[in-house]
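Peer 1: What follows is a single structure, and I will ask about it in a moment.
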Amino acid sequence: MNDRVTVVIEGDMAVVTLNRADKHNGMDFPMLDAMLSAQRQVRRNRHVRAVILRGDGPSFCSGLDFKTAMSQPVRTLLRATQLLWPFANQFQRWSVGWRKVGVPVIAVMHGNCFGAGLQLALGADIRISRPDAKLSLLEAKWGLVPDMGGVCTLRELVRMDVAKELTFTGRVISGEEGHRLGLVSHLSDDPMAAARLLAEEIATRSPDGVAAGKFLLQQAWLAGDYLALRAERLWQRRVMGRANQRIAMAREQARGQAAAKGTSARLKPFKPRQW
């Protein structure tokens, strides 16, 4: 991994930081490569319970750094050939790759969240934004369409007419308006602190149950009833009776007993997640 993206493990939390503050974390090819590497690193670490995805400096991510890309025409052309791939390319995995990580991914949004930056945030499971953040599907400005995984995630969050208007206009909206539309999960003047609190809350639950819940919802959300109910059965079978599910039950019993006695519960730690 290069220095465009850093991964810092803080206990059972991974903080993934876009590290190009002087360019408002504009995405260049080294940053793209580093983001895919960060996804692999976190996916392999089964002790991690949550990921916080943030940008250093004044912005979360201002989108693709077109100036840098256009200064490297041969390299850019070679990368563009990925549009011919019959499967998800590296640009698309920039965002949707986080959906394969078996822990909640929380995007912390501030400053500019444009184009590739907004699509990266949409690839997270939960988005916490400052009210004054600036959001835009900026590809319309360049005569392009969103193509970094944004469509897969956008369709789960807003009505089609809203998605079309944002795509057609490239309009810049505030984090507050993004929250009203459904693009943003929560608003906070200190989104990083809010993300940490949420990650700590999630860490009190079984890591297997959380991972299974994430994958279940992603599979079932837009599926028909038959496939959605089938996914429920399959994922429930994968967690039921396993070590972390038994520990979760024991922890809840301990909490109940301690509450009845007015004491503090001694909780058995969970084992590393299975997926």
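None of the figures in this text is laboratory data; all of them are computed from the coordinates on show. Remember, predicted model here, so these are calculated numbers, not experimental data. A quick note on method: Cβ atoms are made from the backbone with ideal geometry, for glycine too, and the neighbour counts reach across all protein chains shown.
Peer 1: Under unit Cβ charges (Lys, Arg +1; Asp, Glu -1), what dipole magnitude, rounded to 20 debye, does the range 207-261 have relative to its Cα centre?
Peer 2: 240
Peer 1: Also: For the range 43-88, what value does the Rg/Rh ratio take when both radii are computed over Cα atoms and Rh is the Kirkwood radius, given to two decimals?
Peer 2: Reported Rg/Rh, Kirkwood definition of Rh: 1.14.
Peer 1: Sticking with this structure for a sec: With a point put 7 Å past each Cα toward its Cβ, work out how far GLU176 is from ALA193 in nm, to one decimal.
Peer 2: Label at GLU176, label at ALA193, 2.0 nm between them.
Peer 1: Shifting gears a bit: Separation between the ARG44 and GLN257 pseudo-spin-labels, each 7 Å from Cα along Cα→Cβ, expressed in nm?
Peer 2: Here the answer is 4.1 nm between the modelled labels.
Peer 1: Residue farthest toward the positive end of the dipole of the chain, with Cβ of Lys/Arg at +1 and Asp/Glu at -1: which of ALA50, TRP94, ALA195?
Peer 2: About the Cα centre, the residue reaching furthest to the positive side is ALA50.
Peer 1: What whole number of Å gives the distance from the Cα centroid of the range 19-55 to the Cα centroid of the range 82-100?
Peer 2: Distance between centres, Cα-based: 15 Å.
Peer 1: So what's the back-of-envelope 222 nm ellipticity for the chain, counting only DSSP H runs of four-plus at -39500 (n - 2.57) apiece and dividing by all residues, rounded to 500?
Peer 2: It comes out at -13500 deg cm²/dmol, rounded to the nearest 500.
Peer 1: Calculate the radius of gyration of the Cα atoms of the chain to one decimal place, then report Dmax, the largest Cα-Cα distance, as a whole number, both in Å.
Peer 2: Gyration radius and largest Cα-Cα distance of the chain: 19.8, 70 Å.
Peer 1: Can I ask one more? Given the options VAL8, VAL184, ALA133, identify the residue whose Cα lies farthest towards the positive end of the charge dipole of the chain (+1 on Cβ of Lys, Arg; -1 on Cβ of Asp, Glu).
Peer 2: VAL8
Peer 1: What does the charge count near GLN90 come to, summing +1 for each Lys or Arg and -1 for each Asp or Glu among other residues with Cβ under 10 Å from its Cβ?
Peer 2: It works out to a net charge of +1.
Peer 1: Distance cut-off 27 Å, Cα to Cα: go down the list LYS214/LYS261; LYS23/LYS141; LYS100/LYS271; LYS134/LYS164 and report the pairs above it. Walk me through the numbers on the way to the answer.
Peer 2: Values: LYS214/LYS261 35 Å; LYS23/LYS141 19 Å; LYS100/LYS271 20 Å; LYS134/LYS164 18 Å.
Violating the 27 Å Cα-Cα cut-off are LYS214/LYS261.
Peer 1: With +1 on the Cβ of every Lys and Arg and -1 on the Cβ of every Asp and Glu, and nothing else charged, how large is the dipole of the chain about its Cα centre, in debye rounded to the nearest 20?
Peer 2: 1300
Peer 1: Using all alpha carbons of the range 1-124, what is the percent of pairwise distances in each 5 Å bin, ordered from the shortest bin to the longest?
Peer 2: All Cα pairs, binned at 5 Å, distribute as 2, 12, 22, 25, 20, 12, 6, 2, 0 percent.
Peer 1: Find out how many positive minus negative residues lie around HIS24, taking Lys and Arg as positive, Asp and Glu as negative, among other residues whose Cβ is under 14 Å from that of HIS24.
Peer 2: Counting the neighbours of HIS24, the net charge comes to +2.
Peer 1: Next question. Kyte-Doolittle cut-off 0.0, length cut-off 15 Å along the helix's own axis using Cα: show which whole DSSP H helices in the chain pass.
Peer 2: Both cut-offs are met by 191-202, 207-220.
Peer 1: Assign one of three labels to the range 165-234, namely rounded, prolate or oblate, based on the Cα gyration tensor with a ≥ b ≥ c the square roots of its eigenvalues; rounded applies when a/c is under 1.5, prolate when it is not and a/b is larger than b/c, and oblate otherwise.
Peer 2: Judged from the Cα gyration tensor, the range 165-234 comes out oblate (a/c at least 1.5, b/c at or above a/b).
Peer 1: If Lys and Arg each add +1 and Asp and Glu each add -1, what is the summed charge of the other residues whose beta carbon sits under 11 Å from the beta carbon of TRP235?
Peer 2: +3
Peer 1: Modelled label-to-label distance, THR6 and SER264, 7 Å Cα→beta-carbon offset: nm?
Peer 2: Computed distance between label sites THR6 and SER264 equals 3.3 nm.
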